[in-house]
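To start, the structure under review is shown below, and the notes come after it.
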Amino acid sequence: MRKKIALIGGGQIGQILAMLAAQKEMGDIVLLDIPELENPAKGKALDLMEMAPHGNYDANIIGTSNYKDIEGADVVIITAGKPRQAGMTREDLLAVNLQIITQVAAGVKQYAPKAFCIIVTNPLDAMVYAFYKLTGFPKHQVVGMAGALDTARWRAFIAMELGVSVADVAGTVLGGHGPDMVPLPRLTTVGGVPLNEIATKEQIDKLATRTREAGTEIVKLFGKGSAFFSPAWSAITMAESYLKNKHRVLPCAALCEGEYGVKGLFIGVPCLIGAKGIEKIYEIKLTDEESAMLQKTIGVVSKTAEETKL
Ligand code: A3D
């Protein structure tokens, strides 16, 4: 039997997720949106079915607004919620998206209680915390997508700046999904060569700042809405590691219970994703400066998590 992937939210990111999941033949796909947008969800699903002969994939893809259709899903990716508009912070979305996540959590809890759940809705660290609290799912089954995207942006900007293949840039970005996130130049390499040895301090500072502001850079260019291609591919990478037991090590918002001195919060940390979900969190020995930066982002995440009152 094919695996089943439920996509909650059939907007910009949801539709790209559906296309990627189909192209990668990850399983059958359910695209769920609110009742008022059930027909557009059905239309997107049908369009993807009609793309299959050229896309060369076999998958059953449906659109719906009924949670019953996600029954037994192996993976649930949640993008339901409002995106930022120009001039907004992610935290401005807290009240409206908390209401949406509350509805989504009830539906997923009822119909897909065993699924590996990847939350994308912003403000990310608070929404994944809320989903975890509301569902009561085990911690290894609930994760937020942010670090995978922040790291992709860091790698992309380095490759663009230095004129090297992005495939050879390795690194990681820790912390919350906001302007206080912590790129780690000390641990970033280009084909094994330390970044610090091939880029100047000015270049590295500029790249770190651009990474922290990358989401806002796109929001400003769009004028309306936020990034969707790169967030979708980041979430699909996480889902694929789970479904195929690939054991990718990706920075994800995972529940920390003592790791990095964090207790009871979802923070972006390097995670091993396999068939059991979040199988391991890796702790990196940080310098004093890096630790201080991480403490700052933990403070921000702690405040938004508190604001959910959960
Ligand atoms: P958008 O294109 O508006 O799609 C969101 C979809 O969610 C819409 O089709 C809505 O109708 C649907 N929706 C709303 N309420 C519900 C509900 N109760 N049940 C089911 N569906 C519902 O937004 P988008 O796809 O561009 O972005 C989705 C979310 O991802 C936003 O909150 C963004 O801020 C967030 N986002 C996060 C990142 C991260 O890196 C964490 C990056 C980019 C966007």
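Quick look at the numbers
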{"quantity": "Condition met for P251 (in contact with a Ser or Thr (Cβ under 6 Å, 6 or more places away or on another chain) and either away from the ligand (no atom under 16 Å from the Cβ) or at pLDDT 95 or above (or both))", "calculated": "yes"}
{"quantity": "Search result, residues across the range 159-199 that are in a loop (DSSP other than H, G, I, E, B) and buried (at least 17 other Cβ atoms within 10 Å of the Cβ)", "calculated": "G171, T172, G176, H177, G178, D180, M181, L184, T188, A199"}
{"quantity": "Residue count for the range 70-83, restricted to those that are among the charged types (D, E, K, R) and either closer than 23 Å to E306 by Cβ or near the ligand (Cβ under 8 Å from one of its atoms) (or both)", "calculated": "1"}
{"quantity": "Only listed residue being more than 10 Å from the ligand (Cβ to nearest atom), within 23 Å of K244 (Cβ to Cβ), buried (at least 21 other Cβ atoms within 10 Å of the Cβ) and in contact (Cβ under 8 Å) with a residue 12 or more places away in the chain, chosen from A6, A45", "calculated": "A6"}
{"quantity": "Contacts under 6 angstrom Cβ, first residue in the range 204-216 being farther than 12 Å from I158 by Cβ, partner crowded, with 20+ Cβ neighbours inside 10 Å, 6 or more apart", "calculated": "R212/M181; A214/R153"}
{"quantity": "Any hit, the range 116-130, residues being in contact with a helix residue (DSSP H, G or I) (Cβ under 9 Å, 6 or more places away or on another chain), over 27 Å from A292 (Cα atoms) and away from the ligand (no atom under 11 Å from the Cβ)", "calculated": "yes"}
{"quantity": "Qualifying residue in the range 232-245 (condition: in contact (Cβ under 8 Å) with a residue 24 or more places away in the chain and either basic (K, R) or over 23 Å from G9 (Cα atoms) (or both))", "calculated": "yes"}
{"quantity": "Subset tally (residues that are within 30 Å of Q15 (Cβ to Cβ) and assigned to a strand (DSSP E or B)) for the range 249-278", "calculated": "18"}
{"quantity": "Count - residues of the range 234-256 that are buried (at least 16 other Cβ atoms within 10 Å of the Cβ) and either among the hydrophobic types (A, V, I, L, M, F, W, C) or in the same structural domain as L93 (by TED's automatic domain parsing) (or both)", "calculated": "11"}
{"quantity": "The listed residue being outside any helix (DSSP H, G or I), hydrophobic (A, V, I, L, M, F, W, C) and either more than 9 Å from the ligand (Cβ to nearest atom) or under 20 Å from the mean Cα position of the chain (by Cα) (or both), out of I62, I100", "calculated": "I62"}
{"quantity": "Hits in the range 200-248 (condition: outside any helix (DSSP H, G or I), more than 14 Å from the ligand (Cβ to nearest atom) and not polar (S, T, N, Q))", "calculated": "K244, K246, H247, R248"}
{"quantity": "Selection count, the range 18-43, where residues are within 19 Å of A105 (Cβ to Cβ) and in a helix (DSSP H, G or I)", "calculated": "1"}
{"quantity": "Flag for A86 being more than 11 Å from the ligand (Cβ to nearest atom), in contact with a strand residue (DSSP E or B) (Cβ under 9 Å, 6 or more places away or on another chain) and over 21 Å from I278 (Cα atoms)", "calculated": "yes"}
{"quantity": "Answer from D125, D92 - the residue that is acidic (D, E), surrounded by 24 or more Cβ atoms within 10 Å (Cβ to Cβ) and part of a helix (DSSP H, G or I)", "calculated": "D125"}
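The values are calculated or read from the model by the stated rules, or taken from the named source; none is laboratory data. From a predicted model like this one, the values you see are computed outputs, not experimental measurements. Reconstructed Cβ throughout: ideal geometry from the backbone, glycine too, with neighbour counts over all protein chains shown.
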